[in-house]
Amino acid sequence: MAKKAGAIVYKCSNCGYSQPRWLGRCPQCGEWNTLEECILDPNAVTPAGQGSETAVKIKPVPLASVKPQGDMRFATGIAEFDRVLGGGAMKRSAVLIGGEPGIGKSTLLLQTAAGAAKLLGRSARILYVSGEESAAQIKDRAERLGSPAAGIELLCTMRLEDILDALDAQNPSLVIIDSIQTVYAAEAGIVPGTVNQLKYCANELIAWVKERDSVLIMTAHVTKEGLIAGPKSLEHMVDTVISFDRSSDEFRFLRAIKNRFGSVDELGIFEMTEKGLVEVEDPSALFITRRNGSSGGQFPAGVTCTAVFEGSRVFIVEIQALTVPAKASLSRVYSDKIDSARVARVAAVLEKRTGLHFSDQDLYINVAGGMRLSESAVDAALAAALYSARTDIAIEAGTAVIGELSLAGEIRPVSRMAQRTKTAQNMGFTTVLAPEAGKGVKKINDVKELIRTLFGKATPPTQGTGY
């Protein structure tokens, strides 16, 4: 009678002989103390693909007895990518990169493969799996980018079984799947991209790297809403989820949405050129619009600059606001770089504390350079930009505003204020308004004082003036 799944057997680690009871000596090969407790697992398949196999029974171990592993990271050769990953690629981890078609995911992965191969040297074993392009197309891109091909193995297939066979044969240090939505397994059907296919194929690949000192990087397409296509469970299965987006035709941004081995606050910035993705060496001034000959030394109305933290770096960004009369007495907020709820809240505080009406206005908010802002340190600058746009009074050039705005109209301090103000001053801002006094910093306590400092005795327009 056949044994049922889950039954306990004892298997010899030397010759593979199994029997239902433990013995000190293997009856087949004669070795001592080689029988290990295993369970019958019908899902485990032998390397030859025949029949069911046994799996070693996993038992809990004391946490205090577990030895930490050092040197678990290795550099990819791209500093901005390593920054987003948390200091390099973590071994036995899976990374999922999502981006719209044509943004440069394949270019990034090919440059990563070439950079890692160069740093790892002769020990490099990198497998690049493509289900979208032929080997000749990938070779043409590598030559165009000037990426060395040494140490990189290509596998152009969509079958999961072929990929697993190649992984077992080569045992690579870095595995790149471009993209996971093209991979299919015969056991889950023959149509790639379905929910079952994505979950099954990703689980098999992740299980492989978890048992070896390897890193898995997979790409995935995104929907028109900007979310990674496919089941949300795919994001739960991997260790790191990275969003790859653009602000224009030139600049690309890498941002970690989830990272088990590092921060999710870091931002990687690249410029797309004929030679591929080039790291931006000095991104601090990337998000400031360069203007020549501004009349009276002023910004255009509705423009304010502030200092924001992204991971370990400070960026000076320009917030742009526009207000126009609402259509059909229904006001709306149009803002995709700053949360619309934050914009509406700041406008409400301005209306309550300064008497400036926004309830009959459509509000348009933009951030120069396309950077998304989420921290509360932009509140005061956003309030200044909205007031400037509503009154059509410009702010003097060389002015930066930093601080969080409370519902009571107070300007509250934010973290690492000294670094923010120092960066603003190094960028040429002569006037910095912040809730904490310092060298070259003028202290402001509330939104009324902020408006008086920036706009003097400007009075809010009344309804019906055309603002």
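The values are calculated or read from the model by the stated rules, or taken from the named source; none is laboratory data. If you're wondering where the values come from, they're calculated on a predicted model, not measured in any experiment. Neighbour counts run over all protein chains shown; Cβ positions are idealised from the backbone, glycine included. Remember, those area values only see protein heavy atoms, side chains included, never the ligands or the DNA or RNA. Shrake-Rupley method; radii C 1.70, N 1.55, O 1.52, S 1.80 Å.
Meeting the requirement of 2 or more residues that are open to solvent by less than 10 Å² (accessible area, probe 1.4 Å), the strands (runs of 3 or more DSSP E) wholly within region 281-390 are 303-310, 313-325, 361-367.
Applying the condition of being open to solvent by 20 Å² or more (accessible area, probe 1.4 Å) and not small (Gly, Ala, Ser) to region 125-143 and asking which residue is nearest to residue 109 (Cα to Cα) yields 141. With respect to residue 196, determine if the residue is part of a helix (DSSP H, G or I), over 25 Å from residue 76 (Cα atoms) and open to solvent by 10 Å² or more (accessible area, probe 1.4 Å). So residue 196 passes the test. Every test in (1) farther than 23 Å from residue 428 by Cα; (2) at pLDDT below 95; (3) not basic (Lys, Arg) is passed by residue 386 save one, and that test is (2). A single member of 60, 101 is modelled with pLDDT of 80 or more, within 30 Å of residue 20 (Cβ to Cβ) and not in a helix (DSSP H, G or I), and it is 60. Restricting attention to region 64-85, the residues being acidic (Asp, Glu) and without any contact (Cβ under 8 Å) to a residue 12 or more places away in the chain number 2.
Considering each residue of region 146-158 in turn, none proves to be free of Cβ contacts under 8 Å to residues at least 24 places away in the same chain and surrounded by fewer than 17 Cβ atoms within 10 Å (Cβ to Cβ). Applying the set (1) in contact (Cβ under 8 Å) with a residue 12 or more places away in the chain; (2) more than 26 Å from the chain's Cα centre (by Cα); (3) open to solvent by 10 Å² or more (accessible area, probe 1.4 Å) to residue 167 leaves exactly one unmet item: (3).
Given the condition touching a Lys or Arg at 6+ places or on another chain (Cβ under 8 Å), at pLDDT 80 or above and closer than 30 Å to residue 115 by Cα, answer yes or no: does some residue in region 64-72 qualify? Yes, region 64-72 contains a residue that is touching a Lys or Arg at 6+ places or on another chain (Cβ under 8 Å), at pLDDT 80 or above and closer than 30 Å to residue 115 by Cα. Being surrounded by 17 or more Cβ atoms within 10 Å (Cβ to Cβ) and either in contact (Cβ under 8 Å) with a residue 60 or more places away in the chain or over 26 Å from residue 204 (Cα atoms) (or both) holds for only one residue in 98, 88, 102, and it is 98. Do we find that residue 252 is among the basic types (Lys, Arg), open to solvent by 50 Å² or more (accessible area, probe 1.4 Å) and in contact (Cβ under 8 Å) with a residue 12 or more places away in the chain in this structure? Answer is no for this residue. Screening 242, 228, 206 for residues that are open to solvent by 10 Å² or more (accessible area, probe 1.4 Å), modelled with pLDDT of 80 or more and within 26 Å of residue 91 (Cβ to Cβ) leaves exactly one candidate, 206. Of the residues making up region 439-452, just one is exposed (fewer than 14 other Cβ atoms within 10 Å of the Cβ), touching a helix residue (DSSP H, G or I) at 6+ places or on another chain (Cβ under 9 Å) and not charged (D, E, K, R), namely 440. Just to verify a result, which residue in region 396-432, among those that are more than 29 Å from the chain's Cα centre (by Cα) and buried (at least 24 other Cβ atoms within 10 Å of the Cβ), is nearest to residue 306 (Cα to Cα)? Per the criteria, the residue is 432.
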